[in-house]
Amino acid sequence: MNPDFLHEIRICPALDPAVRDDFPMTGILSHGRPFAYLNNAATTLKPTCVLNAMDRYYREYGSPIHRGADRIAHKATTAFESVRQTLARFLGTPHPEAVVITGGATMGLNLVCLSYGELVVGEGDEVVVTPNEHHANYVPWQQLCKRKNAKLILAPLDANGCLTPDALESVMTERTRIVACSHITNVMGAAMDLKALAAVAHRHGAVIVVDGAQGVVHERPEVVSWDIDFYAFSGHKLYGPTGVGVLYGRPELLEKMPPVVMGGEMIDLVDVYDTTFREPPWRFEAGTLPVAEVIGLGAAIDYVLELGYCGMQKKVLGLTERAVRGLLALENVHVYNPENAFSGVVSFNIRGVHPHDASSVYDREGIALRAGHHCSQPTMRWLGVGATLRASFAIYNDESEVDRLIEASKKAGDFLDVLF
Amino acid sequence: MYSSDLYRQIIMDHYQNPRNHRLSEDPDYHTVRLKNPSCGDDITVQVRLCEGRVADCRQNGTGCSICCSSASMMSELLQEKSAEEALELIACFRKMVTGEPCDQDMLEEAQSLAGVSKLPPRVNCATLAWQAAERGILQAEAADGTADVPAGELADGIEEAK
């Protein structure tokens, strides 16, 4: 991570610690202890404003969108479409029609693969991925390449798990059609310079598909100024609801893409033996979407923009650096990504202890973290381990929770205690 | 009754020195490999039945202490039991780790894992090998024609645990 960028974060005004009170679940107990939720890279807790926005929809105007002529249905449709406007502003595009509502990052990435990928990847073509992708940005491309007899190319990563522009350049050929990578990876927490990577991809005539599930939480994506072709993210990691996400697509690419899922609201004219489809983004939004969740996502975006990314980055960076420092000081701990504190992710293991055994020790202390392969077996292979522990921090966490993580790590060797 | 210290020793001993740990190439063994996709536990169990008894039970795999020690204890417990007894032991173990009443003494060393009932997220770790053995025994019985289940419905292979 660029030191100037980190410096800017450090001098930014701190978030009000009362932000913790915006999240009702920070007040619960687990095993009789205050719940320390350190599994934020899996999903985040939800602020009251998001819960209220969803509740209001169901209680006050829970009508169909685009499917009712009455005043209340119009209110629902307007609320839904205004979220699309919010999302477009958030992503830095003047085109709301470039914002497709999806079921989450996984659905968005699969849509790009099954529609755009099927269209442009042929026999002998190449798709570049990295060995640190989440399965959602790896398996679809791997299977596409199998179907098309195309080549899946793994770009090399640096020691911190970062894909540098030079490393990408080294695997690009005239057959490269797609570069698929993360904004921030979910195990190593490596942050990519997407603008530079997009420039490399475009120089070789390829498009760049970005898994923004982790990245959108820690850096506001600027899809137009970075020149990104596709950017997918989920609502639930960004303090929004589950079951909803966003795919940004460059308008001229979306225009060319056929629909993958067919049904209501995505059609233009259904004749007996043929159908014409609506323009994007509606072409890709068949069936009734999760309206309450979309409205909740809109509230989450408003919430993070109100807090401001700089303050959020400062908070998460501070907590993560504290955790890395504390864990590195323990002889029984191995930290895999000490240089990536910006991402809020610390991947580590207790020496000689299976992460699943260790996870029960943390659980007993009221601490939630992740143990396993984190939906990225390729990353585990790259690290040469079967599984890791992963602590990940969010804006509502505090230093006492980090310190509890460190204390519990000292005791993780006594993992059989939890049985007795 | 044993003390918790003894139970700890038993679990660690099986974890560090797993029993019946070499898989057999003998085609008479019925092999079932099960994985716990969320955490990466991956256990292969082999069962050979002879005249309705477990003539041998082997296991190999990777996973946490609960998963691996459980597999090892089971591989000792099931030796020489009739298929019926073995299935009963498997059912008993499953009850023990989910907190249902059962005759724990019959599980011998495996009763050291009774505390898993306090850790619902770890129940699958403890039962993975037992589930594999159960399938292996049912397959073996089906292949011998001693059970009603057609062999084709219990084909060998890699499967994910429920």
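The values are calculated or read from the model by the stated rules, or taken from the named source; none is laboratory data. Fair warning: this is a prediction, and the values are worked out from it, not measured in the lab. For neighbour counting, all protein chains shown are included, and Cβ atoms are generated from backbone atoms with ideal geometry for every residue, glycine included. These accessible areas exclude ligands, DNA and RNA; they are computed on the full protein's heavy atoms, side chains included. Shrake-Rupley method; radii C 1.70, N 1.55, O 1.52, S 1.80 Å.
So the values come out like this:
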quantity	calculated
Tally of residues being more than 13 Å from the chain's Cα centre (by Cα) and more than 20 Å from B:Asn20 (Cβ to Cβ) across the range B:80-96	3
Residue list for the range A:385-420, filter: surrounded by fewer than 18 Cβ atoms within 10 Å (Cβ to Cβ), within 14 Å of another protein chain (Cβ to nearest Cβ) and not hydrophobic (A, V, I, L, M, F, W, C)	A:Gly413, A:Asp414, A:Asp417
Matching residues in the range A:118-130 - criterion: being among the aliphatic types (A, V, I, L, M) and open to solvent by less than 20 Å² (accessible area, probe 1.4 Å)	A:Val121, A:Val127, A:Val128, A:Val129
Residue within the range A:63-84 that is closer than 17 Å to A:Met25 by Cβ and among the hydroxyl-bearing types (Ser, Thr, Tyr) present	no
Wholly enclosed strands (runs of 3 or more DSSP E) of the range A:165-270 bearing at least 2 residues within 30 Å of A:Met312 (Cα to Cα) and of a type outside the set (Phe, Trp, Tyr)	A:176-182, A:207-211, A:230-234, A:245-249
Residues that are open to solvent by 10 Å² or more (accessible area, probe 1.4 Å) and either in contact with a strand residue (DSSP E or B) (Cβ under 9 Å, 6 or more places away or on another chain) or of a type in the set (Asp, Glu) (or both), drawn from the range B:64-107	B:Cys68, B:Glu76, B:Gln79, B:Glu80, B:Lys81, B:Ser82, B:Glu84, B:Glu85, B:Glu88, B:Glu100, B:Asp103, B:Asp105
Inter-residue pairs, beta-carbon under 7 Å, first away from chain A (no Cβ under 14 Å) and in the range B:61-75, second open to solvent by 10 Å² or more (accessible area, probe 1.4 Å), 6+ apart	B:Ser72/B:Pro18; B:Ser72/B:Arg19; B:Ser75/B:Arg19; B:Ser75/B:Asn20; B:Ser75/B:Arg58
Counted residues, the range A:199-249 - those being without any contact (Cβ under 8 Å) to a residue 60 or more places away in the chain, open to solvent by less than 10 Å² (accessible area, probe 1.4 Å) and more than 19 Å from A:Ala98 (Cβ to Cβ)	1
Pairs, first assigned by TED's automatic domain parsing to the domain that holds A:Val294 in the range A:60-78, second open to solvent by 30 Å² or more (accessible area, probe 1.4 Å) and in a loop (DSSP other than H, G, I, E, B), C-beta under 6 Å, six or more apart	A:His66/A:Glu265; A:Ala73/A:Pro64; A:Thr77/A:His66
Top-ranked residue of the range B:108-137 - restricted to ones that are under 10 Å from the mean Cα position of the chain (by Cα) and within 12 Å of another protein chain (Cβ to nearest Cβ), ranked as surrounded by the most Cβ atoms within 10 Å (Cβ to Cβ)	B:Ala126
Failed item, numbered, when A:Glu133 is tested on (1) among the charged types (D, E, K, R); (2) over 22 Å from A:Leu253 (Cβ atoms); (3) crowded, with 22+ Cβ neighbours inside 10 Å	(2)
Residue in the range B:36-54 that is nearest to the chain's Cα centre (by Cα), counting only those that are away from every other protein chain (no Cβ under 11 Å) and open to solvent by 30 Å² or more (accessible area, probe 1.4 Å)	B:Arg48
